[in-house]
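Participant: Just passing along the structure, written as structure tokens.
The values are calculated or read from the model by the stated rules, or taken from the named source; none is laboratory data. These numbers come from a predicted model, not from an experiment. When we count neighbours, we look across all protein chains shown, and the Cβ atoms used for this are built from the backbone with ideal geometry, even at glycine.
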Amino acid sequence: MAKYRLTHAAQADIVAILAWSQEQFGMEARNRYEVLIATDIRDAASRTDNIGHTLRPELGDGVFSWHLAQSRTRAPGKTVHRPRHFLLCRRDGDVLVIGRLLHDAMELRRHVDPQHAWD
């Protein structure tokens, strides 16, 4: 199994996204989004090539994004039709470090400091 690690910021992002999804769309939608996020993390961690990655050099060396839409047909259960979030990642050896999970309409520079270490 591919290795990955969520930063504290990424964990907080996931909690907030799932809470918002439940509040806005109900428990079933929240559960679908949770399954999609888990599938997306596994998909991103299992790729050792750059296919599917969008490089984000403005956010730091080796930083790339991976949109949840790339995994929506692979997630079990009902499909999330228009996922709006993406992972911000980098590799640390053979471990995928997930720094944030952000909405695709967000201004990245307001939420990611390239000079700040990923915990």
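Participant: Is there a residue in region 13-25 that is without any contact (Cβ under 8 Å) to a residue 60 or more places away in the chain and touching a Ser or Thr at 6+ places or on another chain (Cβ under 7 Å)?
Facilitator: Step one: of region 13-25, the residues without any contact (Cβ under 8 Å) to a residue 60 or more places away in the chain are 15-16, 18-25.
Of the ones still in play, those that are also touching a Ser or Thr at 6+ places or on another chain (Cβ under 7 Å) are none.
No.
Participant: Any residue in region 75-96 that's modelled with pLDDT under 90: show its pairings with residues that are of a type in the set (A, V, I, L, M) at Cβ separation under 6 Å, as long as the two are six or more apart or on different chains.
Facilitator: A75/V35; A75/L36; G77/V35; V80/L36
Participant: For W118, all conditions in the list (1) in a loop (DSSP other than H, G, I, E, B); (2) closer than 18 Å to T7 by Cα; (3) modelled with pLDDT under 85; (4) over 16 Å from the mean Cα position of the chain (by Cα) hold save one; what is the number of the exception?
Facilitator: All conditions are met except number (4).
Participant: Tell me, which residue of region 53-69 that is out of contact with any Asp or Glu (no Cβ under 7 Å at 6 or more places or on another chain) and in a helix (DSSP H, G or I) is surrounded by the most Cβ atoms within 10 Å (Cβ to Cβ)?
Facilitator: The selected residue is L59.
Participant: Quick check, is A44 surrounded by 20 or more Cβ atoms within 10 Å (Cβ to Cβ), without any contact (Cβ under 8 Å) to a residue 60 or more places away in the chain and in a loop (DSSP other than H, G, I, E, B)?
Facilitator: No.
Participant: T39 passes all but one of (1) in a strand (DSSP E or B); (2) buried (at least 19 other Cβ atoms within 10 Å of the Cβ); which number fails?
Facilitator: Answer for T39: the failing condition is (1).
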